[in-house]
Structure formats: structure tokens, C-alpha cells
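**Q** Let me begin by handing over the structure; questions about it come next.
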Amino acid sequence: QVQLVESGGGLVQAGGSLRLSCAASGSIFSINAMGWYRQAPGKQRELVAAITSGDSTNYADSVKGRFTISRDNANNTVYLQMNSLKPEDTAVYYCNADLQAYYYSDYDRYWGQGTQVTVSS
């Protein structure tokens with residue numbers, strides 16, 4: 001069984017910063033890409049940022065220059081540093097990981113349970 005557990009969400013004023021963490025645990029043989037999505041009330045889930053095993057990154061246009069994704073491969077953890085937060089960043093943030101549970105497994109996408117980020121104006 002694989003678990004992804006997020007932490008670091010909360011309430012912050014506009015212009016502030018938060019750092020989200022997501023640790024993968026359980027039966028893990030290999031992790032490829034990891035990423036963060038978010039879903040605001042009444043909206044579809046959208047990609048925020050992603051990072052490959054080779055540390056290539058991509059970001060949604062709305063967060064470029066403000067958010068930074070990084071990963072710690074030794075601890076199967078992905079981070080999202082969020083600076084200059086805006087009220088429109090308010091959403092539930094979900095992490096994901098494309099990973100192999102066993103050497104013979106296909107890569108599957110696993111999701112965390114989500115963490116709330118609220119930015120007040």
C-alpha cells in the first residue's frame with residue numbers, strides 16, 4: 001500500500017508564504033514525476049507544478065515566478081514553496097506521484113488527501 005500525506009496548508013494573508021510538503025510511504029520501488037494540483041470551489045482540478053525524476057519542472061502560468069516545486073528523492077518527498085500568495089490561490093492542494101510499487105509493476109498515479117490553503121485579502 002502506498003500513501004501520500006500532505007502537510008503545510010493553512011490560512012495566510014495576501015502577500016504571505018506557505019510551504020507544502022508531501023511524503024510518499026509504503027511499498028515504493030521507483031518514483032517518476034511528482035506534482036501538485038489544486039481545486040477551488042466550483043472549479044476543476046488544475047495542475048500547479050510538476051517535477052520529473054531528473055528535476056525538470058513546469059508550472060501553471062498563474063504561479064510562475066511565485067511558486068517553486070522541489071523534491072527530496074531520498075525521502076520520497078515533494079515540496080511546494082508558495083510566495084506572494086493571492087486570494088485566487090485559495091484552494092485544496094493535492095500532491096501526486098507516478099510510481100512503481102514493485103519492480104514488476106506499471107507506473108500508477110497516486111494522490112494525497114489534500115490540504116486546504118486559504119489566502120485572505
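The values are calculated or read from the model by the stated rules, or taken from the named source; none is laboratory data. Remember, it's a predicted structure, so these values are computed and weren't measured experimentally. A quick note on method: Cβ atoms are made from the backbone with ideal geometry, for glycine too, and the neighbour counts reach across all protein chains shown. All accessible areas refer to the heavy atoms of the entire protein, side chains included, with ligands and DNA or RNA removed. Shrake-Rupley method; radii C 1.70, N 1.55, O 1.52, S 1.80 Å.
**Q** Specify the residue that is farthest from the chain's Cα centre (by Cα); the eligible residues are those in the stretch 50-88 that are open to solvent by less than 50 Å² (accessible area, probe 1.4 Å) and touching a residue at least 40 places away in the same chain (Cβ under 8 Å).
**A** It comes out as LEU85.
Yes/no per residue for (1) among the basic types (Lys, Arg); (2) assigned to a loop (DSSP other than H, G, I, E, B):
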| position | (1), (2) |
| --- | --- |
| VAL12 | no, no |
| ALA23 | no, no |
| ARG38 | yes, no |
| LEU47 | no, no |
| VAL63 | no, yes |
| ARG71 | yes, no |
| SER105 | no, yes |
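**Q** Moving on. Would you please list the contacts, defined by Cβ atoms under 8 Å and residues six or more apart or on different chains, that run from a residue in the stretch 26-49 that is at positive phi to a residue that is open to solvent by 20 Å² or more (accessible area, probe 1.4 Å) and in a loop (DSSP other than H, G, I, E, B)?
**A** These pairs meet every condition: GLY26/GLN1.
**Q** OK, next. List the number of the failed condition for ALA101; all other conditions in (1) modelled with pLDDT of 95 or more; (2) surrounded by 13 or more Cβ atoms within 10 Å (Cβ to Cβ) hold.
**A** (1)
**Q** A further question on this structure: Given the criteria farther than 17 Å from SER120 by Cα, open to solvent by less than 70 Å² (accessible area, probe 1.4 Å), in contact (Cβ under 8 Å) with a residue 24 or more places away in the chain and not polar (S, T, N, Q), does ALA91 qualify?
**A** No; evaluated as a whole, the condition is false for this residue.
Residue-wise test of (1) open to solvent by 30 Å² or more (accessible area, probe 1.4 Å); (2) within 14 Å of GLN100 (Cα to Cα); (3) modelled with pLDDT under 95; (4) not hydroxyl-bearing (Ser, Thr, Tyr).
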site	(1), (2), (3), (4)
GLN3	yes, yes, no, yes
GLY9	yes, no, no, yes
LEU20	no, no, no, yes
ASN32	yes, yes, no, yes
GLY35	no, no, no, yes
GLN39	yes, no, no, yes
GLN44	yes, no, no, yes
